[in-house]
Amino acid sequence: MLRWYVHQFGQKLVRRRPLEPLKESESRGATLNTLNLVILGVGKIMRAAIYILIGKMVKYVTGPAIIICFLVAALFSLLSGFCHAKLWARVPRSGSAYLYSYVTMGQMYAFFTGWNLILSLVLGTAILASAWSYIFDSLIGNHISQALQGTFSLYMPQFLAKYPDFLALALVLLFMGLQMLGAHDSALFNKVFTGINILVQSFIILSGFIKGDLHNWQLTEQDYTLNTSESRGTSRLGPLGSGGFVPFGFDGVLHGAALCFYAFVGFDAIVARGEEALNPQRSIPLGITFSIFICFFAYFGVSASLTLILPYYQIQLDNPLSQTFLHGGWISARYVLSVGIICAITYRLHSAMFPMYQVIYAMAEDGLLFRGLAQVCAHTGIPIMAIMSSGNLAGVMALLFELSDLVDFLSVVTLLAYTLVAFSVLVLRYQPHLKEKTGEEIEMEPEAEGNPLDSVPEAGTSNILESLWFPPSTIPTQKSGQIVCGCAFLLVLLLTILSLIMAQWPSQVFSGDPMITTVAVLLLLLITGVTAIIWRQPQDPSHLYFKAPALPVLPLVSILVNIYSMMRMTTGTWALLGIWMGIGFVIYFGYGIRHSLKENNELQPPASTSQT
């Protein structure tokens, strides 16, 4: 009996959600071409909040080398974009990574993908509200922040913001109220405000060519010592770095690249609308590629202009772009720029709140979250509880946390989400094909009949090593799928250890320290060997709209980069993530696993204790 209950518990963890064929009434039809997807992607990716965050990054982390950080982040975001496209190709439906994970990977994997996705969307909303508050306050002379800081700074714990941002909270609550009244997102507004955002950035870039000085990329220690002789922190290797184009060294570039991943969040909106694409196998990868690189060139130009107009150590942390124009004597341009940025952030905040409550509603409707969150208003059909829970959480985060801390938190959450998607792509290509079943749970397709290789027993008479290198079947089987799953989990563990070593002791690894270098080389050899075993396993030959290239290398490179970037984050960020994931574990094992998909009748325990 105990064995039966353990088996049933394991079955619940990997139970997949049924994927029923689309009804004609549910199909939106194919209406989006590649250009439409690019506009959609740029509108979702391009983040006006970067105008504020760039100040702290340039001054204390990267210097002018921030343009390299954006390039690195863009290239590896592109890898994650291809992984998202591949996951959608397995489940060609409009939806989020939560839905795709539930259909392909199982219940527990889907819960933590969705739980992580909720946090990333909530943080994105909180960041936008905080950025709006920062810019508006700067525009009116910082009167709000000075009053609040003078009143509350003595009562705020060190790990929270210097003062509670009531303006950001009010902004989130305002848009939450609009959603509860039935406000909707609009493709026209997306195009209009994306255009405003691009115009603002074009103005900044042109200003950099006019007002910029290339010498600001060639500063020496003597330059900033003379200019900041009365301030602190100007000694070599101090807070302001050591001068030059890369004042904080290679380590600063890597840290900056990890933080810059935030700037490219949003390309999954293209994947979510893939069902409406006219030519998805071409439009989705092209839409992701062009969207990411258009945003990269925008970020590249803005950050280059900023560091050319002013030396990096003189850039202000709060609203650095408008302060830079003020320093340059363009007072009117400062106000026009601030108003344009506020308009862009206002729309982004409005549109960012829709997917936030939609994920909560979907998970509650599936029973993985409290079903009360799926309640809808009888008159409007709007999920009131999902909107209120997500909006209140975003408002509290915007109220209590510093903007830079929210970005650090979102960066690690985003990287974790990218890792989960890449892992799914790595595993799924080597699994038996998933097919749609009406009224039944998704299950693996049986192997094709008539293939003589399929009659070979899974265990066989050959030894284990031979079966790993020479699989007995040319198409994926349950055994080969299990081998890939086991190897993939082992690879994640090995890559995590390697990333930890490279992040904590980078100089010892590259300088040839005997112990550290030996461990790193052994890990690389193990990673190569396990990857080769996965490569030898048969892949699913079924036709898909899009297949990620260079498997299993591409998802593994994406996982390595994501994990390494996560290792660059601070201890406080990891502590917050641990608290959030701990809450998720309690909810899932205390509630979700017992209430999910309750309409599926559970099997009754057998009369005897034997279970085959």
Would you mind telling me which numbered condition in (1) open to solvent by 10 Å² or more (accessible area, probe 1.4 Å); (2) modelled with pLDDT of 75 or more TYR5 fails?
-> (2)
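Every residue, every condition in (1) part of a helix (DSSP H, G or I); (2) open to solvent by 60 Å² or more (accessible area, probe 1.4 Å); (3) at pLDDT below 85; (4) in contact with a Ser or Thr (Cβ under 9 Å, 6 or more places away or on another chain), yes or no:
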position	(1), (2), (3), (4)
TYR109	yes, no, no, yes
GLY114	yes, no, no, yes
LEU119	yes, no, no, no
THR125	yes, no, no, yes
THR151	yes, yes, yes, no
PRO164	no, no, no, no
LEU174	yes, yes, no, no
PHE189	yes, yes, yes, yes
Please tell me if MET567 is among the aliphatic types (A, V, I, L, M) and open to solvent by less than 60 Å² (accessible area, probe 1.4 Å).
-> yes
Which of the residues belonging to segment 475-520 are open to solvent by 80 Å² or more (accessible area, probe 1.4 Å) and not charged (D, E, K, R)?
-> GLN478, GLN482, PHE489, LEU493, GLN504, TRP505, PHE510, SER511, PRO514, MET515
If we ask which residues in segment 381-404 are open to solvent by 20 Å² or more (accessible area, probe 1.4 Å) and within 17 Å of VAL265 (Cα to Cα), their number turns out to be 1
May I ask you to list the residues in segment 17-47 that are modelled with pLDDT under 80 and open to solvent by 50 Å² or more (accessible area, probe 1.4 Å)?
-> ARG17, GLU20, PRO21, LEU22, LYS23, GLU24, SER25, GLU26, SER27, ARG28, ALA30, THR31
Residue check for PHE510: under 19 Å from THR531 (Cβ atoms) and modelled with pLDDT under 85 = no
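Let's see how each residue does on (1) over 30 Å from PRO383 (Cβ atoms); (2) of a type outside the set (S, T, N, Q); (3) not assigned by the TED database to the domain that holds LEU415:
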{"position": "ALA257", "(1), (2), (3)": "yes, yes, no"}
{"position": "ASP268", "(1), (2), (3)": "no, yes, no"}
{"position": "GLY287", "(1), (2), (3)": "no, yes, no"}
{"position": "SER291", "(1), (2), (3)": "no, no, no"}
{"position": "ILE294", "(1), (2), (3)": "yes, yes, no"}
{"position": "THR307", "(1), (2), (3)": "yes, no, no"}
{"position": "LEU310", "(1), (2), (3)": "yes, yes, no"}
{"position": "TYR313", "(1), (2), (3)": "yes, yes, no"}
{"position": "VAL336", "(1), (2), (3)": "yes, yes, no"}
Taking segment 342-379 and keeping residues at pLDDT 85 or above, among the β-branched types (Val, Ile, Thr) and in contact with a helix residue (DSSP H, G or I) (Cβ under 6 Å, 6 or more places away or on another chain) leaves VAL359, ILE360
From ALA503, ALA488, which residue is under 18 Å from LEU428 (Cβ atoms) and in contact (Cβ under 8 Å) with a residue 12 or more places away in the chain?
-> ALA488
Restricted to segment 127-141 and to residues being open to solvent by 20 Å² or more (accessible area, probe 1.4 Å) and part of a helix (DSSP H, G or I), the residue farthest from LEU171 (Cα to Cα) is LEU139
Identify, by number, the condition in (1) open to solvent by less than 20 Å² (accessible area, probe 1.4 Å); (2) assigned to a helix (DSSP H, G or I) that LEU368 doesn't meet.
-> (2)
Working only within segment 48-89, note down all residues that are open to solvent by 20 Å² or more (accessible area, probe 1.4 Å), of a type outside the set (A, V, I, L, M, F, W, C) and closer than 22 Å to VAL200 by Cα.
-> LYS56
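Here is a list: ALA258, ALA269, ALA298. Which entry is of a type outside the set (Lys, Arg) and within 17 Å of ILE198 (Cα to Cα)?
Numbers: ALA258 fails: within 17 Å of ILE198 (Cα to Cα); ALA269 fails: within 17 Å of ILE198 (Cα to Cα).
It is ALA298.
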Where MET105 falls short, out of the listed (1) open to solvent by 20 Å² or more (accessible area, probe 1.4 Å); (2) over 26 Å from GLY287 (Cβ atoms) = (2)
Take PHE267 and decide whether it is under 30 Å from LEU349 (Cα atoms), open to solvent by 10 Å² or more (accessible area, probe 1.4 Å), at pLDDT 80 or above and aromatic (Phe, Trp, Tyr).
-> no
Filtering segment 43-91 down to residues that are closer than 26 Å to GLY340 by Cα and charged (D, E, K, R) yields LYS44, ARG47, LYS56, LYS59
Pairing a residue in segment 30-42 that is within 16 Å of ALA298 (Cα to Cα) with any residue that is modelled with pLDDT of 85 or more and open to solvent by 50 Å² or more (accessible area, probe 1.4 Å), where Cβ atoms lie under 8 Å and the two sit 6 or more apart in sequence or on different chains, gives VAL38/LEU286; VAL38/PHE290; VAL38/ILE294; GLY41/PHE290; VAL42/ILE294
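The values are calculated or read from the model by the stated rules, or taken from the named source; none is laboratory data. Because the structure is predicted, anything quoted here is derived from the model rather than measured. Glycine also receives a Cβ, built like all others from the backbone with ideal geometry; neighbour counts cover every protein chain displayed. Heavy atoms of the whole protein, side chains included, go into the accessibility calculation; ligands, DNA and RNA do not. Shrake-Rupley method; radii C 1.70, N 1.55, O 1.52, S 1.80 Å.
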